[in-house]
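Student: Sending over a structure as C-alpha cells; questions will come in a sec.
Quick note: the coordinates plus some simple rules give every number you see, no bench work behind them. Small disclaimer: the values here were computed from a predicted structure and weren't measured. Using ideal geometry, Cβ is built from the backbone for each residue, glycine included, and neighbour counts are taken over all protein chains shown.
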Amino acid sequence: MIFSISGVETHPLIPFFVAFIASFFTSMGGVSGAFLLLPFQISFLGYTAPSVSATNQVFNVIAIPSGVYRYIKEGRMLWPLTWAVIIGTLPGVFIGAWVRIKYLPDPKNFKLFVGLVLCYIGLRLLVDVIKTNRRPRLSGGTQKIQAQHTVKIIKSSIRRVTFNYEGEEYRFSPLVIYVICFFVGIIGGIYGIGGGSIVAPFFVAIVGLPVYIVAGAALMGTFITSIAGVVFFQYLSMIYTNMTVAPDWMLGALFGFGGIFGMYLGARTQKYVPARTIKSILCCCVLFVAIRYIVGYF
C-alpha cells in the first residue's frame, strides 16, 4: 500500500502492530510511544519530510484517549498536574512546529535533533532507574490494589499542590511546572510528540513524583497539545506550499488504531508492573535510538 501524502509504501498492518507494541510498554511510563514511532518512520519507512512530525501527532490524537480513560477510571489522574502540563506546553508546541519547518527541514539535521532529545530522555531515565528504591509491592485482591493506587489531593493552589499516594505525601509547584513545560513544549512541537512525553521522565527523575501518577497527566497533556500541533501543521501547509507539511492522515490513523489497543492495555496493567521495570524498558529503547542517530550524523 502506498500512502499518497508521505509517499511511504508498506503493508498497512505494519504501522498498526508497531504502534501497538510501542504504546503498550511506553504508556506505562506516561509516554505515548510517539517518540519511538518517529525514528521508525524516518529509518524504516523513509518518511523524512517535515510532515512526519504532524503525522506523529495524529497518532497521539487517536491513540491516547484510551489510555487516559483507564487512568481517570482508576482514580490515578492528578488533575492539578495535568492542567499545569497543558497550560505550560501548549504555547511552546506552536513555536516548535514553526521551528521544525523553518529551520529543521533537512532530514540529517532533524535526525541529530531527535538523537539529542532522546539522549536527554534516556539519561534521565537511567539516573532514575539507578536511584529507584526496590520497595515490595502489595499483592492483594482487586479491591486492595484499587485502593492502594488512588491519588488523594490534600491541598491545591497556584503556588503549591500537595497530594497523597500509597500512604506517602508528595508536593510540587505549578508555577515551576508551567515554566518547565513551556520549553519542553517547544522541543515536543519540533519533534512531533506534543511535549508531555518529554516531561514525564523529568517529573519522575527531577521533581520526584511517582511514575504511576505522572503517567496519566503526561498522556493527557500530550493529547491536548497534539491536537493543537496537528491543526497548526495543517495551517502551515497552506503557507509553506513548497514542502510536505500537512500530516499523512491515513498513515497516522493506522498508527493511532494500533496505539488505541496498546495504550489501553498498558494503562490497565501498569499498576501491576514494578516502576523500575517500566523505566528500564523505556531507558533501553530510548538510548538505543539516540546513540544510533547521533553517531550516524557524524
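Student: To the nearest 500 deg cm²/dmol, what mean residue ellipticity at 222 nm is calculated for the chain from DSSP H runs of n ≥ 4 alone, each contributing -39,500 (n - 2.57), summed and divided by the residues?
Tutor: -22500 deg cm²/dmol
Student: At a 10 Å Cβ-Cβ cut-off, how would you order THR225, THR269, fewest neighbours first? Intermediate results must be reported in sequence, preceding the final value.
Tutor: Numbers: THR225 32, THR269 13.
Fewest-to-most Cβ neighbours within 10 Å comes out as THR269, THR225.
Student: Here is a further query. Given points 7 Å out from each Cα along the Cα-Cβ axis, report the LYS73 to PHE44 separation in nanometres with one decimal.
Tutor: 2.9
Student: Also: On full extension of the chain, what length is gained from VAL176 through PHE261, given 0.36 nm per residue of separation minus the C-alpha to C-alpha distance? Please report the intermediate quantities before stating the final value.
Tutor: On the way: separation 85, 0.36 × 85 = 30.60 nm, distance 3.39 nm.
Between VAL176 and PHE261, full extension yields an extra 27.2 nm.
Student: On a 18 Å Cα-Cα criterion, which of the cross-link pairs LYS152/LYS271; LYS73/LYS152; LYS155/LYS279 come out too long?
Tutor: LYS155/LYS279
Student: Would you be so kind as to identify all helices of the chain, as entire DSSP H runs, whose Cα atoms reach 27 Å or more along the helix's own axis and whose mean Kyte-Doolittle hydropathy is at least 1.0?
Tutor: 79-103, 107-131, 211-236, 249-269, 275-297
Student: Related question: Pairs of alpha-carbon atoms within less than 8 angstrom and 6+ residues apart define the contacts here; what relative contact order does the chain have, in percent?
Tutor: Relative contact order of the chain: 41 percent.
Student: Additional query: Could you give the length gained by full extension between LYS102 and MET238, i.e. 0.36 nm per residue of separation minus their alpha carbon distance, to one decimal place?
Tutor: Extra length available between LYS102 and MET238 comes to 47.6 nm.
Student: Among (i) 20; (ii) 61; (iii) 50, find the value of percent of Cα pairs over 32 Å apart that was calculated from the structure presented, and write down its label.
Tutor: (i)
Student: Taking DSSP loops as anything outside H, G, I, E and B, show the longest stretch in the chain free of trypsin sites (Lys or Arg not before Pro) there with at most 11 other beta carbons within 10 Å.
Tutor: Between exposed loop sites, the widest span is 160-298.
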